[in-house]
Amino acid sequence: MRALVFAAVLLSLGLSTNCASSRVVGPGESAGRALDDAAMTASVNGLIVGDADARFFRIDVSTSQGAVTLRGTIPSRSAESRLVSKINTLRGVRSVTSLLRIAPAAS
C-alpha cells in the first residue's frame, strides 16, 4: 500500500504544472527557499493522496515562500475545510489559500 501511495505522489508531482520546482527562482529568493517550497508541495500532495475524500479529485498545488494555493475540485466544503486544516499543520506553511470548487453531485 505504501508503494502505491508513493507512486501516486510521484505521478502527481510529475503531472503538476504548478509545482514549485518548475518555477524560476526570482530576485531576492534563495534556491533553498525554492527547494523548501518544492518539498512543501510534495508534502501537500501526499496529504491529498492520503485523504479519503480528496484523493480521487484533481487538486493542483502551488507553493511560494510558504504560501500554499489549492486549485481544482473537492467533494464538499467539509472535506475542503479538513484538508486545509491538515495542510496548516505542516511545518513551514505560512498560509493556505483554497480556490477549490465543489464538484457537482453525480446523478
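Please go through the range 74-96 and give me each residue that is at pLDDT 95 or above, surrounded by 15 or more Cβ atoms within 10 Å (Cβ to Cβ) and in a strand (DSSP E or B), ordered by number.
Selection gives Val96 alone.
Would you check which residues across the range 37-72 are in a strand (DSSP E or B) and either in contact with a strand residue (DSSP E or B) (Cβ under 8 Å, 6 or more places away or on another chain) or closer than 12 Å to Leu83 by Cα (or both) and list them?
If the condition is that a residue be in a strand (DSSP E or B) and either in contact with a strand residue (DSSP E or B) (Cβ under 8 Å, 6 or more places away or on another chain) or closer than 12 Å to Leu83 by Cα (or both), then Ile59, Asp60, Val61, Ser62, Thr63, Ala67, Val68, Thr69, Leu70, Arg71, Gly72 are the ones that fit.
List the pairs whose first member sits in the range 88-107 and is more than 18 Å from Gly72 (Cα to Cα), whose second member is of a type in the set (Asp, Glu) and surrounded by 10 or more Cβ atoms within 10 Å (Cβ to Cβ), and whose Cβ atoms are under 8 Å apart, counting only residues at least 6 apart or on separate chains?
As it stands, the answer is Gly92/Asp36, since those pairs meet every condition given.
The values are calculated or read from the model by the stated rules, or taken from the named source; none is laboratory data. Since the model is a prediction, treat every value here as computed from it, not as a measurement. Here the Cβ is made from the backbone with ideal geometry for all residues, glycine too, and neighbour counts use every protein chain on show.
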